[in-house]
Each structure stands twice: as structure tokens, then as C-alpha cells.
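Encoded as C-alpha cells, the structure appears first; notes follow it.
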2 protein chains.
Amino acid sequence: MRHFVEELDYLRSRLLEMSGLVEDSVHRSVLSLAEKDAQQAQRVLHNEAEINRMEIEIDDLATRLLALQQPMATDLRFITAAIKINNDLERMGDLAVNIVERALSLMHEPLMKPLIDIPLMADRVQSMIRKSLDAFVKKDAELARNVLVSDDAVDELCGSVYTELISYMERDPKTVRQGINLMFVARNLERLADHATNIAEDVLFLVQGVDVRHHAETRE
Amino acid sequence: MRHFVEELDYLRSRLLEMSGLVEDSVHRSVLSLAEKDAQQAQRVLHNEAEINRMEIEIDDLATRLLALQQPMATDLRFITAAIKINNDLERMGDLAVNIVERALSLMHEPLMKPLIDIPLMADRVQSMIRKSLDAFVKKDAELARNVLVSDDAVDELCGSVYTELISYMERDPKTVRQGINLMFVARNLERLADHATNIAEDVLFLVQGVDVRHHAETRE
């Protein structure tokens, strides 16, 4: 087994790689929807298989480090954060697949309107994923707090997507099926943002020892 | 600090308690919807605050056990499983709150139809939660597998709820808003079942050392 410090570095770099795949999946999932591109959808499915493999590997590595190295204080907190972040990233891969499934079911019909807010949500989410992992690697509390703020912006965008789609569906029942598919896309993006927020909260706990979970007032 | 074995027992009993609250929340959330009962909704919000407190406490306890006791093999696996189950239960509390939010927004209008499949989904989900935690406490692989099977049944129910609601919405645009709210209720129940399934998979890994995540074929 490598030296403990090297193992921690490896754990860190694997999580970064995994988050890169998740980011890529988010981007491609919305691209597959907006541009009706089945190849992008395929890549997301391919990414997911890889993300699942990485989750098991990272989980094993983290558990092994806990077992063999009996780490103390900071390292221990780092490893338990890694276990949670790993879990979040894996679920994020699934959410991108959910988006792709909606994209595939809309592949052969024209969209009721050009997509504007949904690609915007996807951009925000990608940036949140990148920042939350950067914050983890650099132990940067400021960056982590930045992610919490972005989450509110994504929630707002999601709300306006819902409102717009519902008004379409109420005016024209033929848009119901597509409208619901698009709402679920927005909902999955919102949940992706929630997972990035979970990661940022884990980073804040890791860096500052402050538990910001369930304390909405600290997120203002 | 109590003896290590006692601490593990305590960890186990706190998780059981927490899952009891989650089960109660699922039950009351759908009751608040079906019977337009705002008091049930309040209880779910109250439960969630308690669940959030328990999550932090259990997380602290588990991390402390990892740090101070340097547990080996089985105990280590038990504690990392506890950390994950804790995380799942907390999110399940949030999902019950999501249902309650939908219930509250439908509180002052008649439902388009009597609810049948949604309460049925809630019953299944409650039973999955109970079984997955029982499986954890008793290290019972058979019971854990039983949860994986129930998940497919819940997915099917969810699919039929969607189909029915979409046909209502297409026939009568005035039902769009309510239909979407009810779809999100079904979706939240489906996600609750997914979390119970995650717990059951963690139990199987704990008991058998077999990683059933991402291996759909083992779930047949």
C-alpha cells in the first residue's frame, strides 16, 4: 500500500475525476434534449457506467483507509466527507441519466418552444459541481459558500420553468405530455443543484467544523 | 464513554427511532393529502426538525466511534453503513415534507378523483422502510432482498399513477395544476422507495460483503 498521504491524494484525485464525468453528463444530457442528439445521450449512459464503477472503487478505498490507517481528527473527517461526496456524485450521475431518458422520449417530436431557462439551469449546475469539488480539494470555505448562494438561483429558475410550462399546458392540452417531460428535466437539474449543495455543506463542515446542514439562516 | 458494544447498540437504536419517525412522516404526509388534514401536515414538519437533529447526532456518534475506537472489519463496516443509512433517512424526511407541501397547496380544492394508488404506494413504502431497518438491525439478508423486490412494485404503481393523471390532464386542462402536484407526490413516494432500496443494498453489503449496487441482474 502506498504511503497514507499519497492514498489521500489519490482519493482526492479520483473524486475530482468522478465529478468531471458528472459535469460532462449534465452538459451532454441537456444538449441531447436541446439538439435532439442521441449520441450525446449515449455518452451520458456510458459515463454513468463509469461513475458507478468509480463509486465502488472510491468507497472501497475510503473504507480501507479507515480500517488500515486508523486516521485521526482531520484525516478522518476528510475521509468521511469523501464517502458522502462519493455517494452524492453517484446519484448525480443517475439524475443526468433521468434527463437523458426524458430527452430520448422527446427525440422525435418538435419542442413546444426553444429551450432557454433549462440550458441556463444546466450551466449553473455545472458551475456548482465544479466549485463544490474545487472547494473540497482546496478546503476553500468561501467557494463552498458561493455554491450555497447559486442553489437559490437554480431554485428560482426552476420555479419559472414550472410556471411557464403549466401555462402552456393549460392553454393547449396537446402539450401536456411534453410539458411534463420538461418539468421533470427541470426538477432533475434542481436536484443536481441540491447534491452540489450537499457537497458544499460537507466541505464547510470539513473546513470549519461548522455544521451548516439544516440551518437555513446561515445560508443567507 | 460507554463500552464500545453499548455504543454500537445505541447507534442501532437511534437509527431505528429515526426510521420510525420517517415511516410516521410518510404515513401522515399522504393522510394530509387524502383527508385534507393540515394537522397531519404540521406533524410531518415537526418530525422533520427532529429527524434533522438526529442526523447530526448520529453522524457525530458514528464519526466519534471511528475516531476513538479504531474498529476493525465487521464493526467498521457496520459504522460506515450506519453513516449512509443516516444520510438516506434524513433525505427521506425531506421527501415527506415535499409531499406535505403539495398537500398544503391542494388543501382548499376538491381532488379530481379519490386517491387509490397513491395511498397504496405510501403503504408499500412504509413497509419497505420498516423491513430495510429490520434487516439492518437483524443482519437479515432475506429481508433486505425482499425490499429490493418491493421497489419494482412501487415503480409500477408510480407508472400507472402517471398514465392516469396524464389522461385526465389531456382531457381537461383545468386539472393540469392539480395533476402535476399529484404526479410529484407519486414521484416523491417513488424516491422514498429508492432510498429504502439503498438501505437494503447497504445491508446486503454489510451482511454478505456482496456489492449489489449497480447490478440490476442480482435484483431479479
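Structure above, values below:
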quantity: Leading residue by the ranking (nearest to the other protein chains (Cβ to nearest Cβ)) among those in the range A:34-60 that are of a type in the set (A, V, I, L, M) and either over 22 Å from A:Ala81 (Cβ atoms) or surrounded by fewer than 17 Cβ atoms within 10 Å (Cβ to Cβ) (or both); calculated: A:Ile56
quantity: Residue within the range A:106-120 that is out of contact with any helix residue (DSSP H, G or I) (no Cβ under 8 Å at 6 or more places or on another chain), assigned to a helix (DSSP H, G or I) and without any contact (Cβ under 8 Å) to a residue 12 or more places away in the chain present; calculated: no
quantity: Flag if B:Leu111 is more than 30 Å from B:Val207 (Cα to Cα), at pLDDT 95 or above and out of contact with any strand residue (DSSP E or B) (no Cβ under 9 Å at 6 or more places or on another chain); calculated: no
quantity: Enumeration of residues in the range A:90-110 that are among the small types (Gly, Ala, Ser) and within 11 Å of another protein chain (Cβ to nearest Cβ); calculated: A:Gly93
quantity: Residue in the range A:12-19 that is surrounded by fewer than 20 Cβ atoms within 10 Å (Cβ to Cβ) and not in a helix (DSSP H, G or I) present; calculated: no
quantity: Output for the range B:63-89, where each listed residue is in a helix (DSSP H, G or I) and within 8 Å of chain A (Cβ to nearest Cβ); calculated: B:Thr63, B:Leu66, B:Ala67, B:Ala73, B:Leu76, B:Arg77, B:Thr80, B:Ile83, B:Lys84, B:Asn87
quantity: Residue check for B:Val161: crowded, with 21+ Cβ neighbours inside 10 Å, assigned to a helix (DSSP H, G or I), modelled with pLDDT of 95 or more and within 14 Å of chain A (Cβ to nearest Cβ); calculated: yes
quantity: Residues of the range B:166-208 satisfying the condition of being closer than 15 Å to A:Met169 by Cα, facing chain A (nearest Cβ under 9 Å) and in a helix (DSSP H, G or I); calculated: B:Ile166, B:Met169, B:Glu170, B:Arg171, B:Pro173, B:Lys174, B:Val176, B:Arg177, B:Gly179, B:Ile180, B:Met183
quantity: Residues of the range A:160-179 that turn out to be closer than 12 Å to B:Ile166 by Cβ and among the hydrophobic types (A, V, I, L, M, F, W, C), as a count; calculated: 2
quantity: A:Val203, sole failed condition from (1) under 20 Å from A:Val30 (Cα atoms); (2) aliphatic (A, V, I, L, M); (3) touching a residue at least 24 places away in the same chain (Cβ under 8 Å); (4) buried (at least 21 other Cβ atoms within 10 Å of the Cβ); calculated: (1)
quantity: Meets criteria (over 21 Å from B:Arg187 (Cα atoms), of a type in the set (A, V, I, L, M, F, W, C) and either out of contact with any Gly (no Cβ under 7 Å at 6 or more places or on another chain) or without any contact (Cβ under 8 Å) to a residue 24 or more places away in the chain (or both)) for B:Val154; calculated: no
quantity: Any hit, the range B:46-61, residues being under 19 Å from B:Val203 (Cβ atoms) and hydrophobic (A, V, I, L, M, F, W, C); calculated: yes
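Every residue, every condition in (1) at pLDDT 95 or above; (2) basic (Lys, Arg); (3) under 25 Å from B:Ala34 (Cβ atoms); (4) touching a Lys or Arg at 6+ places or on another chain (Cβ under 9 Å), yes or no:
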{"position": "B:Lys131", "(1), (2), (3), (4)": "yes, yes, yes, no"}
{"position": "B:Arg145", "(1), (2), (3), (4)": "yes, yes, no, yes"}
{"position": "B:Ser150", "(1), (2), (3), (4)": "yes, no, yes, yes"}
{"position": "B:Leu157", "(1), (2), (3), (4)": "yes, no, yes, yes"}
{"position": "B:Ala186", "(1), (2), (3), (4)": "yes, no, yes, no"}
{"position": "B:Ala200", "(1), (2), (3), (4)": "yes, no, no, yes"}
{"position": "B:Val207", "(1), (2), (3), (4)": "no, no, no, yes"}
{"position": "B:Val210", "(1), (2), (3), (4)": "no, no, no, no"}
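The values are calculated or read from the model by the stated rules, or taken from the named source; none is laboratory data. What you see is a predicted model; the values in this text were computed from it and never measured. No Cβ is skipped: glycine too gets one built from the backbone with ideal geometry, and neighbour counts run over all protein chains shown.
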